[in-house]
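Here the structure comes first, spelled out in structure tokens, and everything after it is commentary.
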Amino acid sequence: MVRGRFAPSPSGRMHLGNLFCALLSFLSVKSRGGDWILRIEDLDTARCRPDYARQVEEDLRWLGLAWDQGGSAGGPDAPYFQSRRTAFYEEALGRLREMGLVYPCFCTRAQLHTASAPHREDGLTVYPGTCRGFSPEDIAAREAAGRKGALRLRVPEKSITFTDGHLGEVTEYLPTDCGDFLLRRSDGLFAYQLAVVVDDAAMGVTEVVRGADLLTSTPRQLLLYELLGLPAPEFFHFPLLLSPDGRRLSKRDGDLGLAALREKDSPEEVIGKLAYLAGQNPTAAPRTPGELIEHFRWDTVPRQDIPLPPGLF
Ligand code: GLU
């Protein structure tokens, strides 16, 4: 069974970048005859809100992107809201603990900021391993003093190489390119990296389609698949849409948010323009998602970030 998913974080109204992801993940899996799942990644309860999640569903319906299972409609792998799936993350964390691969980190944000050398363009910093060698007594003393540690994964000394279905081969040497990464924050919230792996595996996801900003998360996720003995999906990362002045779109770009778009354009106009930018429509003429499925091809999707042509939206 081929299965893809759209996994938005409901921390605001969706913008064009989120729609681009929804459309590409939908077309990719539908062109292979698979199912498309909607998973709401609302782990960060301080930033995510149920009304934004409802709005995601409403906006997808408006666009004509119908999911096969997930969201509030449920389905065989329910729940599809990460905030209700912590028992699964606990279980996976427990298995990693049993392997001796998890340790508490008591570093403050300020310490992390000064100790880690800024590393990659994506802003990822490599944890220098400050708390890696603490003895049980060191840990007990800190906990007795009321410090609550975050939990990190002890990464092995090896490289992870994978072939992205769109962007080609990627290699990372874990100790220096990635470092020991967070599994759970000190406030108890599970980290995206762990949750996404547990959920994609539990939901039988066979292909992950998402923006290239998450390309560098993939080696961490592949390591978790391997350690947890779970089958890894295929990955396809696509370039990001940029505002006409070259910035990454964010939920603050109100004029490119769904509320503003829905005032100006019909669903077919929005889909047609996005499909044009994705190399799936020869012009920006209106299209329905269904019309695009049959002709979908990854090799015509651009490989460089895509500045929005002024006036297109
Ligand atoms: N929830 C993530 C986001 O909205 C996407 C995670 C993923 O596709 O792996 O950026």
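The values are calculated or read from the model by the stated rules, or taken from the named source; none is laboratory data. Predicted model only: the values in this text are computed from it and were never measured. Here Cβ is always computed from backbone atoms with ideal geometry, including for glycine, and neighbour counts include all displayed protein chains. We work out accessible area using only protein heavy atoms, side chains counted, and drop any ligands, DNA or RNA first. Shrake-Rupley method; radii C 1.70, N 1.55, O 1.52, S 1.80 Å.
Miscellaneous remarks
- Only one of Arg185, Arg220 that is among the basic types (Lys, Arg) and crowded, with 19+ Cβ neighbours inside 10 Å: Arg220
- Qualifying residue in the stretch 193-204 (condition: part of a loop (DSSP other than H, G, I, E, B), closer than 30 Å to Trp36 by Cβ and either open to solvent by 40 Å² or more (accessible area, probe 1.4 Å) or more than 13 Å from the ligand (Cβ to nearest atom) (or both)): yes
- Condition check for Glu91: more than 16 Å from the ligand (Cβ to nearest atom), part of a helix (DSSP H, G or I) and out of contact with any strand residue (DSSP E or B) (no Cβ under 6 Å at 6 or more places or on another chain): yes
- Considering residues of the stretch 18-59 that are farther than 16 Å from Gly70 by Cα, hydroxyl-bearing (Ser, Thr, Tyr) and not in a loop (DSSP other than H, G, I, E, B) only, the residue least open to solvent (accessible area, probe 1.4 Å): Ser28
- Selected residue (only one of Ala150, Ala117 is hydrophobic (A, V, I, L, M, F, W, C) and modelled with pLDDT of 95 or more): Ala150
- Residue match in the stretch 236-243 (condition: assigned to a loop (DSSP other than H, G, I, E, B), modelled with pLDDT under 95 and either at positive phi or hydroxyl-bearing (Ser, Thr, Tyr) (or both)): yes
- Within the stretch 12-23, considering residues that are more than 8 Å from the ligand (Cβ to nearest atom) and either modelled with pLDDT under 95 or touching a strand residue (DSSP E or B) at 6+ places or on another chain (Cβ under 7 Å) (or both), the one nearest to Leu274 (Cα to Cα): Phe20
- Failed condition for Leu43, given (1) near the ligand (Cβ under 10 Å from one of its atoms); (2) among the hydrophobic types (A, V, I, L, M, F, W, C); (3) under 26 Å from Leu292 (Cα atoms): (3)
- Residues of the stretch 167-192 that turn out to be away from the ligand (no atom under 14 Å from the Cβ) and in contact with a strand residue (DSSP E or B) (Cβ under 9 Å, 6 or more places away or on another chain), as a count: 18
- Scanning the stretch 280-313 for residues that are in contact with a Phe, Trp or Tyr (Cβ under 7 Å, 6 or more places away or on another chain) and assigned to a loop (DSSP other than H, G, I, E, B) turns up Gln280, Thr283, Ala284, Val301.
- Here Pro267 fulfils each of the conditions (1) modelled with pLDDT of 95 or more; (2) within 22 Å of the chain's Cα centre (by Cα); (3) surrounded by 12 or more Cβ atoms within 10 Å (Cβ to Cβ) apart from (2).
- For the stretch 67-84, a tally of residues being free of Cβ contacts under 8 Å to residues at least 40 places away in the same chain and of a type in the set (S, T, N, Q) returns 2.
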